[in-house]
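These notes concern the structure reproduced below.
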Amino acid sequence: MRHRYLSTALALALIGGLTAGCGSDSAGSANEINLIMSNHPWQRAIEPLIDEFEQESGVTVKVQTFAEQQMRDKVQLNLQSRSSSMDVFMTLPSREGPQFAKANYYEPLDDRASGAADYKIDDFPEAVRAGMTVNDKMIAAPINVEGVVLYYRTDLFQQYGVKPPTTLDELTTAAEQIKQKSGGDVTPIALRGQSAALPFTFGPFLHSEGVKWTKDDGTPNFDDPKAVAAIDRYATLAREYGPPGVVNNTFTQSSALFAAGDAAMELESSNELSSIVDPKTSKVAENIGVLDFPAGSAGSRTTVLSWGLAISSFSKNKDAAWKFVQWATSAETQLELTKAGIAPPRTSVSQDPAYTATLNTETLKQWNAALTKAQTGGETEVGPVGVAAAEMRKVIGDAVGKVILGRASAEEAAKEIQTGLTPLLAKNTQ
């Protein structure tokens, strides 16, 4: 295959040398597109299918895949330099949507999506469509749906006589029991600690206590005592029951620990199922249970989101780019992707007997039930919404990280977040 995976080192080298040349017109022919993706379960599932698309459409797809942050850097540099060398890219609208839309980086897809009779835009649930919309414009097409769930080792829980947690209080209790009964040989829980990635899994702790990221007037909500409690709970889990070096971890490290049998629980995206159930790479594939995010005082309010495929407004091959986006997010392709564990954002696919029949193990049934609940009761805001979303998530991640490391109290972290978010949220009205 002509598609290639770029290592992080090579990705960084390319990014470092991009500034000088990314403003040049390096677009290919009208039947050739450049696609940039993040190293992600959806990316790993779609790449083997691209040859088929090329043969059917006559469009050549040149793929570049990067680790997530390197992908963001690459995409941002292309867009800031108004380069036509990138046609299609993965985007997380809940993160960069407002910022990219304000800069006119996205090619609106409304007319193309509504004009394609067989595309059936209404097949995507309203909440999913809303997640792909900024200022009443469709800026991307949804490629998946994911939420934060709790994976756990059924064999260890049975061995140690630990009750699978359904509440946040029970989650802490379960972690303490595992730590004691394993003699410290098993990490009780793997979860995110890396600054930019942390808000995705921290958010449910906040929301499940009934706290939003911001107040109705658009100012930060971290002066709420329940926000302090959420910070303390998350940081305690990470510090007392998480793996060594947890502040450097994101989903990659958490899933590797869990699949290797080194962690009893993993708090992570539903998308990570494919990374931990493959018997070729997982030592615990036969002993995995999946639970809803544990409930707080306001119930179980997990984070739920969709990644999207966007077309660069600077692309010179937008027709070919749309052909790819339409194919990649069609019902037929999404049904095929379910074989790789990608949860479908289309209603017709999620109800298709060909898909539901594949949910033939207890693990898969629990996973589907947890994801279905997330779609109906989850919070779509991964962090504070605004043009400075990335900066705001870093403020949150940095402050919570200090508590994890024992360098600050939860109260001090909440004050730091409140102060740090205030000017960044003000940018939304400027």
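Can you find, within region 153-182, the residue that is farthest from residue 285 (Cα to Cα) among those that are basic (Lys, Arg) and touching a strand residue (DSSP E or B) at 6+ places or on another chain (Cβ under 7 Å)?
Kept after step one, since they are basic (Lys, Arg), are these residues of region 153-182: 153, 163, 179, 181.
Within this subset, residues satisfying the condition of being touching a strand residue (DSSP E or B) at 6+ places or on another chain (Cβ under 7 Å) are 153, 179.
Numbers: 153: 9, 179: 22 Å.
Top of the filtered list is 179.
Per the conditions (1) basic (Lys, Arg); (2) at pLDDT 95 or above; (3) surrounded by fewer than 20 Cβ atoms within 10 Å (Cβ to Cβ), the sole criterion not satisfied by residue 129 is (2). Given the criteria polar (S, T, N, Q), open to solvent by less than 40 Å² (accessible area, probe 1.4 Å) and more than 24 Å from the chain's Cα centre (by Cα), does residue 430 qualify? The answer is no for residue 430. Within region 54-70, one or more residues are assigned to a strand (DSSP E or B), modelled with pLDDT of 95 or more, aromatic (Phe, Trp, Tyr) and closer than 25 Å to residue 326 by Cα. For residue 95, the test of being open to solvent by 30 Å² or more (accessible area, probe 1.4 Å), in contact (Cβ under 8 Å) with a residue 24 or more places away in the chain, under 25 Å from residue 316 (Cα atoms) and assigned to a helix (DSSP H, G or I) is failed.
Applying the selection to region 297-314, what residues are under 16 Å from residue 106 (Cα atoms) and surrounded by fewer than 24 Cβ atoms within 10 Å (Cβ to Cβ)?
At the first step, the residues of region 297-314 found to be under 16 Å from residue 106 (Cα atoms) are 307-314.
313, 314 - these are the residues of region 297-314 that are under 16 Å from residue 106 (Cα atoms) and surrounded by fewer than 24 Cβ atoms within 10 Å (Cβ to Cβ).
Looking across region 26-45, the residues that are of a type in the set (Ser, Thr, Tyr) and either surrounded by fewer than 17 Cβ atoms within 10 Å (Cβ to Cβ) or at pLDDT below 85 (or both) come down to 26, 29. Considering only residues in region 185-202 that are hydrophobic (A, V, I, L, M, F, W, C) and in a loop (DSSP other than H, G, I, E, B), the one that is most open to solvent (accessible area, probe 1.4 Å) turns out to be 196. Residue 356 falls short on exactly one of the conditions (1) farther than 22 Å from residue 275 by Cβ; (2) modelled with pLDDT of 95 or more; (3) open to solvent by 20 Å² or more (accessible area, probe 1.4 Å), and that condition is (2). Does residue 140 fit the bill of being touching a residue at least 60 places away in the same chain (Cβ under 8 Å), within 17 Å of residue 344 (Cβ to Cβ) and within 23 Å of the chain's Cα centre (by Cα)? It is true that residue 140 is touching a residue at least 60 places away in the same chain (Cβ under 8 Å), within 17 Å of residue 344 (Cβ to Cβ) and within 23 Å of the chain's Cα centre (by Cα). Among the residues of region 390-408, at least one is in contact with a helix residue (DSSP H, G or I) (Cβ under 7 Å, 6 or more places away or on another chain), open to solvent by 20 Å² or more (accessible area, probe 1.4 Å), free of Cβ contacts under 8 Å to residues at least 24 places away in the same chain and over 14 Å from residue 214 (Cα atoms).
Pick from region 220-244 the residues that are part of a loop (DSSP other than H, G, I, E, B) and without any contact (Cβ under 8 Å) to a residue 24 or more places away in the chain: which of them is farthest from residue 184 (Cα to Cα)? Reasoning before the result, please.
Restricting attention to region 220-244, the residues satisfying the condition of being part of a loop (DSSP other than H, G, I, E, B) are 221-224, 242-244.
Filter again for without any contact (Cβ under 8 Å) to a residue 24 or more places away in the chain, leaving 221, 224, 244.
On the way: 221: 37, 224: 35, 244: 12 Å.
This residue is 221.
The values are calculated or read from the model by the stated rules, or taken from the named source; none is laboratory data. Note that the structure is a prediction, hence the values are computed from the model and not measured. We place every Cβ from the backbone using ideal geometry, glycine too, and count neighbours over all the protein chains shown. In case anyone asks, the SASA skips ligands and DNA or RNA and just uses the protein heavy atoms, side chains included. Shrake-Rupley method; radii C 1.70, N 1.55, O 1.52, S 1.80 Å.
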